[in-house]
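A.B. asks: Sharing a structure here in structure tokens format.
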Ligand code: NIG
Ligand code: FE
């Protein structure tokens, strides 16, 4: 029937079930019908309804169909890299010490301030192409390497251009990613200017460009009170909060996320029991970033199992950035989700699709149930579990349909 296409010759499909946080449908020898950009039907090929029996077919080449991954926490746009700092860390210098010496985020800020919008767009597009080729079909992307009005504004301009070019992303304003050199020792003054002047000005200059506002709440960076001020100001401008919370120490970021009705609290290696309960009750998505824990050489992995027991609908993300997670590989996120955060394969799949998409308000991404409009990733495996089991294998999906 009318402009429907049938994806067939699939070894099978796996899809989370919206409304059942950790349930996954697994259907062998499946077919999927797409009509007008949305999935109209999916099930066993033998059960394909007669109305679509003669519709044009797309060959699934015997692969497994999974919803494309959604990455709900990236710092996509930055210039330069930090390979020098990385080697110092390999020699045992802690991340926090490098930051306190003016390196770390501030080094990337220097490089990013010097970049033109055009250069940022080209860098961003090259990275988005890599992600797309690896099965990531939608991302959240933050500003935060400008840390001054004009540079943050250029980052927003670059993100807007990427959207105009057709890339699927949600933008988060993060001028409170760190305290810039100009405000060294004055987090209070910086948080006031961000809340009172910069956020309103950025939204005025780029209406509709950003959907979220984020703050790095951490010992020695921004306090809960400063975070609250910035995120409240963002809310008044229509930006929903997300928070870098409890990453290097407990500061109460998860609790603040629940208080403010944030979309997510991210990192959470030092999240408290109370914070987990507050997130579960407040429908805040905890977003766990295991590549960051790995790259920072930390022993403290986020208490993922306890979060799930508490009723949290956990998501996984890359945290792609030049310092703590120079990683554009969704399979590494998936693998660490299973091997270090101890999620089952089905849970990790839900965390990288359904819950990631839900944390960004996209109920029609992250699953293959009727109504979904997600691109589908076709993986060349006999069973989806191989994506984790063959731990170093660089599987490449075809993303289509
Ligand atoms: O999410 N925690 C703060 N921000 C980043 C690190 C950024 C950087 O080191 O450049 C993070 O881990
Ligand atoms: Fe981050």
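A.B. asks: Semi-axes of the equivalent ellipsoid of the stretch 241-367: what are they in whole Å, largest first, if each equals the square root of 5 times a C-alpha gyration tensor eigenvalue?
C.D. replies: Ellipsoid semi-axes (Å, largest first): 19, 17, 13.
A.B. asks: Another question, then. When the Cα centres of the stretch 316-392 and the stretch 22-61 are compared, how far apart do they sit, in Å?
C.D. replies: The distance from the Cα centre of the stretch 316-392 to that of the stretch 22-61 comes to 22 Å.
A.B. asks: Let me ask you something else. State, to one decimal in nm², a quarter of the convex hull surface area for the C-alpha atoms of the stretch 1-108, i.e. the direction-averaged projected area.
C.D. replies: In nm², the orientation-averaged hull projection of the stretch 1-108 is 11.6.
A.B. asks: If you average the C-alpha positions of the stretch 86-102 and of the stretch 138-210 separately, how far apart do those two centres end up, in angstrom?
C.D. replies: Computed from Cα coordinates, the inter-centre distance equals 26 Å.
A.B. asks: Label point 7 Å out from residue 119 along Cα-to-Cβ: which residues of the stretch 66-93 have amide N under 13 Å?
C.D. replies: Zone members listed by number: 78-81.
A.B. asks: Ordered by packing density, taken as the mean number of other Cβ atoms within 10 Å over each peptide's residues, highest first, how do 167-179, 327-339 rank?
C.D. replies: For the peptides 167-179, 327-339, the packing ranking is 167-179, 327-339.
A.B. asks: Round to the nearest 10 and give me the degree value, 0 to 90, for the angle of helix 149-164's Cα axis relative to the longest principal axis of the chain.
C.D. replies: Its long axis makes an angle of about 10 degrees.
A.B. asks: What is the stretch 69-359's relative contact order, in percent, from Cα pairs under 8 angstrom and six or more apart in sequence?
C.D. replies: Computed value for the stretch 69-359: 17 percent relative contact order.
A.B. asks: Please sort 203-213, 71-81 by packing, taking for each peptide the average over its residues of neighbouring beta carbons within 10 angstrom, highest first.
C.D. replies: By packing density, highest mean first, the sequence is 71-81, 203-213.
A.B. asks: Where the convex hull is taken over the Cα atoms of the chain, what is its projected area averaged over directions, in nm²?
C.D. replies: Here the figure is 18.5 nm², rounded to one decimal.
A.B. asks: I would also like to ask the following. Tell me the mean residue ellipticity at 222 nm calculated for the chain from its helices only (DSSP H runs of n ≥ 4, each -39500 (n - 2.57), averaged over every residue, nearest 500).
C.D. replies: -10000 deg cm²/dmol
A.B. asks: Looking at the chain, send over the antiparallel percent of its DSSP beta bridges, to the nearest 5.
C.D. replies: Given both bridge residues lie in the chain, the antiparallel proportion sits at roughly 45 percent.
A.B. asks: Please build a GNM for the chain, connecting alpha carbons under 10 Å apart, and tell me which residue among 308, 287, 217 fluctuates the most.
C.D. replies: 308
A.B. asks: Output the 0 to 90 degree angle, nearest 10, between the alpha-carbon long axis of helix 224-236 and the longest principal axis computed from the alpha carbons of the chain.
C.D. replies: 60
A.B. asks: Sort the stretch 159-278 into rounded, prolate or oblate with this rule: let a ≥ b ≥ c be the square roots of the eigenvalues of the Cα gyration tensor; rounded if a/c is under 1.5, and if a/c is not under 1.5, prolate when a/b is larger than b/c, oblate otherwise.
C.D. replies: Since a/c reaches 1.5 but b/c is at least a/b, the shape of the stretch 159-278 is classed as oblate.
A.B. asks: In µm²/s, what is D for the stretch 1-61 at 4 °C and 1.567 mPa s, where D = kT/(6 pi eta Rh) by Stokes-Einstein and Rh is the Kirkwood radius from Cα pairs?
C.D. replies: Estimated diffusion coefficient is 108 µm²/s.
A.B. asks: Could I have the simple spin-label model distance between residue 192 and residue 110, label points 7 Å from Cα toward Cβ, reported in nm to one decimal?
C.D. replies: So the label points at residue 192 and residue 110 sit 3.0 nm apart.
A.B. asks: Further question: Nearest 10 degrees is fine. How inclined is helix 330-339 to the longest principal axis of the chain, computing both from alpha carbons?
C.D. replies: Between the helix axis and the principal axis of the chain, the angle is about 90 degrees.
A.B. asks: Another question, if that's okay. Relative to a virtual label point 7 Å from the Cα of residue 23 in the Cα→beta-carbon direction, which members of the stretch 302-338 show backbone nitrogen distances below 19 Å?
C.D. replies: Inside the label zone: 309, 311-314.
Every number here is computed from the coordinates shown, using simple stated rules; none is lab data. What you are looking at is a predicted structure, and each value in this text was computed from that prediction instead of being measured. No Cβ is skipped: glycine too gets one built from the backbone with ideal geometry, and neighbour counts run over all protein chains shown.
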